[in-house]
Amino acid sequence: MVLRVAVVGSGPAGSSAAEVLAKAGIETYLFERKLDNAKPCGGAIPLCMVGEFDLPPEIVDRRVRKMKMISPSNVTVDINLEKEDEYIGMCRREVLDGFLRNRAAELGANLINGTVHRLELPQSDNEPYTIHYADHSDGSAVGTASTLQVDLVIGADGANSRVAKAIDAGDYNYAIAFQERIRIPEDKMAYYEELAEMYVGNDVSPDFYAWVFPKFDHVAVGTGTMKVNKAKIKDLQAGIRARSAQRTEGGEIIKVEAHPIPEHPRPHRVRGRVALVGDAAGTVTKSSGEGIYFAAKSARMCAETIVETSKNGQRVPTEKDLKQYLKQWDKRYGATYMVLDLLQRVFYRSDATREAFVEMCSDKDVQRMTFDSYLYKTVTPGNPLVQMKITAKTVGSLLRGHALAP
């Protein structure tokens with residue numbers, strides 16, 4: 001037999017899954033509705049992703065080594081990476097996504113420019129899944145009605161996943177990310193050469209943060225919030241534009257973007273022979289809002305599980321087989337999600353707590369532990385005295401900001 005797998009969505013998640021499957025010789029079909037699609041996204045990736053996913057230097061627009069954390073009262077904390085070879089990568093999603101998608105296709109994945117409209121479920125364990133889609137290979141927006149039968153499906157089609165709906169995976173709360181890409185004069189752009197800014201405050205987000213992230217020849221200025229309505233988002237975007245006006249005023253808006261972002265995992269991430277990865281599964285972290293690395297990593301782990309349990313495509317994996325990917329994922333990253341969820345609940349609930357959060361970020365030990373966790377996705381237990389110091393500083397910051405009051 002020849003195992004056939006459909007991967008719906010070719011962002012970092014879908015393309016990473018398709019690459020692993022194609023390398024193993026599994027017949028892989030990678031669906032993408034818009035080949036020039038650029039998801040609204042801050043575009044930050046951790047250093048470990050560059051090596052782990054073998055990304056060439058040209059994928060990274062900027063190597064950020066400095067971060068400014070700016071409190072509601074505009075108290076600024078400067079955070080600098082100390083090691084010369086460390087940086088946070090800033091990417092344009094159209095560049096990153098295009099590279100990963102093309103690489104998967106070059107390795108043998110069948111890239112289909114198509115819009116998946118419906119996933120028809122099989123009536124028995126031995127029957128295939130049928131994908132109903134519009135094929136846009138003729139260049140038309142409507143496309144040609146087509147079908148494809150496969151043994152397994154990976155849903156990597158984002159927060160509004162049709163694959164998730166088809167398998168009744170359950171709903172989740174989601175935030176909205178909104179950003180403007182702004183081309184600013186060269187002298188102002190030079191300021192952001194290796195610098196990114198994060199702003200907190202009710203004026204820019206009631207439950208998240210706002211950002212100014214440098215790109216190739218422009219900056220991305222945006223915000224995120226759970227308060228999903230157009231009027232609120234416009235007010236919050238006006239807030240970050242006002243707070244960052246000194247550096248971005250007079251710039252040309254070259255693109256406006258908005259997109260839903262999941263706030264927690266879906267109730268069911270595997271059902272039958274269908275697995276969800278990335279935003280479709282709900283892998284975005286709280287507090288930091290990081291999504292790119294975890295999307296790609298979840299998809300790679302899922303695909304590796306398929307390769308292993310199918311014996312390189314010699315048998316059809318079962319639901320139990322696919323759930324091994326979830327067990328591995330939750331074991332490796334479950335604690336990370338819990339900690340970041342707690343941080344968001346504690347520090348993002350009022351301007352007093354946000355002031356305390358920024359104050360805490362001024363501590364060098366806090367900075368080092370935070371960056372180690374972000375850059376390398378590993379949390380090494382620190383010196384007990386350092387841990388005690390960080391705990392004491394956190395509590396002290398909260399008390400001074402009256403942030404522990406109910």
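Laboratory data are not the source of any read-out in this text; all were calculated from the coordinates shown. Note that this is a predicted model, so its numbers are computed, not measured. Quick reminder, even Gly has a Cβ in these numbers, built from the backbone with ideal geometry, and neighbours come from all protein chains shown.
Couple of notes before you dig in:
- Mean projected area of the convex hull spanned by the Cα atoms of segment 99-145, taken over all viewing directions: 4.7 nm².
- Cα-Cα separations in segment 266-315 greater than 17 Å, expressed as whole percent: 41 percent
- The length gained on full extension between H268 and K232, counted as 0.36 nm times the residue separation minus their Cα-Cα distance, comes to 9.9 nm.
- Under the Debye formula (equal points on every Cα, no solvent term), log10 I(q)/I(0) of segment 244-390 at q = 0.10, 0.13, 0.21 Å⁻¹: -0.51, -0.78, -1.30
- Long pairs among K215/K323; K23/K320; K66/K255; K34/K66, criterion Cα-Cα beyond 27 Å: K215/K323; K34/K66
- Counting only Cβ charges, +1 for Lys and Arg and -1 for Asp and Glu, the dipole size of the chain around its Cα centre is about 840 debye.
- Over the C-alpha trace of the chain, radius of gyration and Dmax come out as 21.7, 66 angstrom.
- Scaled radius of gyration (Cα, divided by 2.2 N^0.38 Å) that segment 200-300 gives: 1.26
- Under the combined filter of DSSP loop state and at most 15 neighbouring Cβ atoms within 10 Å, segment 280-353 retains none of its GluC sites (Glu not before Pro).
- Spherically averaged projected area in nm², based on the convex hull that wraps the Cα atoms of segment 104-198: 11.1 nm²
- Chain lengthening between H117 and D54 when straightened (0.36 nm per residue, less Cα-Cα): 19.4 nm
- Mean Cβ count within 10 Å, highest first, over the residues of peptides 5-17, 140-152: 5-17, 140-152
- The calculated pair-distance distribution of segment 1-129 uses every alpha carbon pair, bins of 10 angstrom beginning at 0, and gives 11, 32, 27, 16, 10, 3, 0 percent.
- Viscosity 1.567 mPa s, temperature 4 °C, Stokes-Einstein D of segment 1-51 from Kirkwood C-alpha radius, µm²/s: 103 µm²/s
- Within the listed set P185, P214, P260, the Gaussian network model of the chain (springs between alpha-carbon atoms below 10 Å) gives the highest mean-square fluctuation for P185.
- Residues of segment 41-60 with an amide N closer than 19 Å to a point placed 7 Å from the Cα of V256 along the Cα-to-Cβ direction: 41-42.
- Percent RCO, i.e. relative contact order, over the chain, from Cα pairs under 8 Å lying at least 6 residues apart: 20 percent
- Entry note, the chain: the mean residue ellipticity at 222 nm calculated from DSSP H runs of n ≥ 4, each adding -39500 (n - 2.57), is -11500 deg cm²/dmol after division by the residues and rounding to the nearest 500.
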